[in-house]
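The values are calculated or read from the model by the stated rules, or taken from the named source; none is laboratory data. These numbers were taken from a predicted model, which means no experiment stands behind them. Heads up, the Cβs are rebuilt from the backbone with ideal geometry, glycines too, and the neighbour counts pull from every protein chain shown.
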Amino acid sequence: MSHLVAPSVLSANFANLQSDIELINNSQADWFHVDVMDGVFVPNISFGFPVIKALQKYAKKPLDVHLMIVEPDRYAQAFKDAGAAVLSVHIEACPHLHRSIQNIKNLGMKAGVAINPHTNVSLLADVIADIDVVCLMSVNPGFGGQKFIENTYDKVIRLKQLITEKNSKALIEIDGGVDLNNYKKLLSCGADVLVAGNTVFGSANPVQTIAALKTV
Ligand code: DX5
Ligand code: ZN
């Protein structure tokens with residue numbers, strides 16, 4: 001499988017969201033990455049259901065929803081209704097992660113598990129076979145435009161080993177600080193999905209930048 005690119009809507013222009021959605025629709029991007037923050041799990045608040053429903057209305061590509069919220073199970077059905085194709089919950093926010101994963105899958109979504117920079121990938125060993133996407137945070141979640149944490153390369157390699165060992169089909173998604181200088185090394189370590197916010201929307205030509213991130 002060739003890798004996927006998921007521009008992060010967090011860095012889009014919310015005063016003219018429709019135009020940025022069309023931009024992604026007409027690019028080589030594969031998914032919309034949608035960051036939901038509650039101000040409790042992370043020190044920032046982003047947006048909620050009205051914005052995601054507006055996205056769903058115009059988006060022609062799957063919505064990859066990344067929940068940076070406490071008690072995500074309470075809202076899984078609502079995110080399904082809002083159009084999520086992939087729903088990722090944080091391992092650090094889920095005391096019953098296996099149940100959370102099954103719940104997401106039973107609702108008809110792909111199950112993602114996001115892990116913070118300090119969390120060891122080995123903690124996924126007993127659920128990796130049930131996971132569709134592992135969202136490896138390469139920054140501390142909460143804000144776009146942060147500096148990439150170099151230890152991520154090593155984590156991607158270790159996660160890839162775990163996935164192979166356990167016969168899992170999980171995709172490895174890298175989230176935070178992905179740019180044109182580090183994406184190739186991430187792919188060579190085993191990354192499957194590249195999230196990019198600032199790199200795409202902060203560039204002069206986002207469509208061209210997405211095309212560049214699709215190049216191997
Ligand atoms: C960070 C979010 C990321 C963020 C990525 O908390 O989960 O998805 O939007 O933005 P960049 O690519 O700008 O680091
Ligand atoms: Zn994210």
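If you go through region 96-110 one residue at a time, do you hit one that is surrounded by 18 or more Cβ atoms within 10 Å (Cβ to Cβ) and over 22 Å from Ala6 (Cβ atoms)?
yes
If a residue must be in contact with a Pro (Cβ under 8 Å, 6 or more places away or on another chain) and part of a loop (DSSP other than H, G, I, E, B), how many such residues does region 42-89 contain?
Of the residues in that region, 1 qualify.
From the list Leu159, Leu171, which residue is surrounded by 14 or more Cβ atoms within 10 Å (Cβ to Cβ), touching a Gly at 6+ places or on another chain (Cβ under 8 Å) and of a type in the set (A, V, I, L, M)?
None of the other options fit; the residue is Leu159.
What single numbered condition from (1) within 13 Å of Pro141 (Cβ to Cβ); (2) surrounded by 21 or more Cβ atoms within 10 Å (Cβ to Cβ) fails to hold for Val86?
(1)
Is there a residue being in a helix (DSSP H, G or I), hydroxyl-bearing (Ser, Thr, Tyr), away from ligand 2 (no atom under 16 Å from the Cβ) and farther than 18 Å from Met1 by Cβ anywhere in region 157-175?
no
The rows are residues; the columns are (1) modelled with pLDDT of 95 or more; (2) among the charged types (D, E, K, R); (3) within 14 Å of ligand 1 (Cβ to nearest atom).
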residue: Gly112; (1), (2), (3): yes, no, yes
residue: Pro117; (1), (2), (3): yes, no, yes
residue: Ala125; (1), (2), (3): yes, no, no
residue: Ile131; (1), (2), (3): yes, no, no
residue: Gly142; (1), (2), (3): yes, no, yes
residue: Asp154; (1), (2), (3): yes, yes, no
residue: Thr164; (1), (2), (3): yes, no, no
residue: Lys169; (1), (2), (3): yes, yes, no
residue: Gly177; (1), (2), (3): yes, no, yes
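Looking at region 117-136, I want the residues that are of a type in the set (Gly, Ala, Ser) and have a partner that is more than 16 Å from ligand 2 (Cβ to nearest atom) and part of a loop (DSSP other than H, G, I, E, B) with Cβ atoms under 8 Å, at least 6 apart or on another chain. Which pairs are those?
Ala125/Lys166; Ala129/Lys166; Ala129/Asn167; Ala129/Ser168
Under 24 Å from Val113 (Cβ atoms), more than 12 Å from ligand 1 (Cβ to nearest atom), assigned to a helix (DSSP H, G or I) and modelled with pLDDT of 95 or more, is that true of Lys185?
Taking the combined requirement at face value, the residue satisfies it.
Give the residues of region 177-201 that are within 16 Å of ligand 2 (Cβ to nearest atom) and surrounded by fewer than 21 Cβ atoms within 10 Å (Cβ to Cβ), sorted by residue number.
Asp179, Asp192, Asn198
Rundown of residues vs (1) surrounded by fewer than 20 Cβ atoms within 10 Å (Cβ to Cβ); (2) not charged (D, E, K, R), yes/no style:
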position: Ser2; (1), (2): yes, yes
position: Asn16; (1), (2): yes, yes
position: Val36; (1), (2): no, yes
position: Val42; (1), (2): no, yes
position: Val51; (1), (2): yes, yes
position: Tyr58; (1), (2): yes, yes
position: Asp64; (1), (2): no, no
position: Met68; (1), (2): no, yes
